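The values are calculated or read from the model by the stated rules, or taken from the named source; none is laboratory data. Since we're looking at a predicted model, the values are computed, not measured. Here the Cβ is made from the backbone with ideal geometry for all residues, glycine too, and neighbour counts use every protein chain on show. Ligands, DNA and RNA are stripped out before the accessible areas are found, and what is left, the full protein with its side chains, is counted by its heavy atoms. Shrake-Rupley method; radii C 1.70, N 1.55, O 1.52, S 1.80 Å.
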Amino acid sequence: MTQDSPIVVARVGEVDPGTTKKFMLTVDGRETECFLVNYSGQLFAYVNRCRHVPMTMDWIDNQFLTEDGRYILCATHGAAFEPDSGECVFGPPCGKFLDRVPLTIENDEVLAHRPIEADD
Ligand code: FES
């Protein structure tokens, strides 16, 4: 596999609504932790790196969502991000966006592409 090639990260239907799944992507030769989130039946993916301090956001492994499943939560300082846009709506990085990982579906497989760095 060449660097930054899209990779299969899940099968369609594997990640249930209200749940998440972590995966690794190679970005510029570096292993980068990312996660899928199924929000209201739609899949989104982001780099697992807060926009406040560049730390992973899940305190317990693969726990990204608030209890009601409404927001992606950063466990360190409690920032809340919109699952469908990655925008922070509460907390220190308010107004900033998570780095999005574009997804495509091919033959029942979910492919992750090179992340798009948020430029806010
Ligand atoms: S590191 Fe995420 S809110 Fe501070």
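The table for this structure:
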{"quantity": "Amide H partners (placed H, <5 Å) of LEU98, local residues excluded", "calculated": "GLU87, CYS88"}
{"quantity": "Gyration tensor (alpha-carbon) shape descriptor, segment 7-62, a/c threshold 1.5", "calculated": "oblate"}
{"quantity": "Relative contact order of the chain, defined on C-alpha pairs under 8 angstrom at six or more residues apart (%)", "calculated": "25 percent"}
{"quantity": "Zone residues, segment 82-120, relative to ALA75, backbone N less than 11 Å from point 7 Å out along Cα-to-Cβ", "calculated": "none"}
{"quantity": "Segment 7-112: Rg to Rh, with Rh as the Kirkwood radius over Cα pairs", "calculated": "0.95"}
{"quantity": "Accessible surface of the chain, 1.4 Å probe, proportion on carbon and sulfur as whole %", "calculated": "49 percent"}
{"quantity": "For the chain, accessible area per residue (1.4 Å probe, heavy atoms of protein chains only), Å²", "calculated": "56 Å²"}
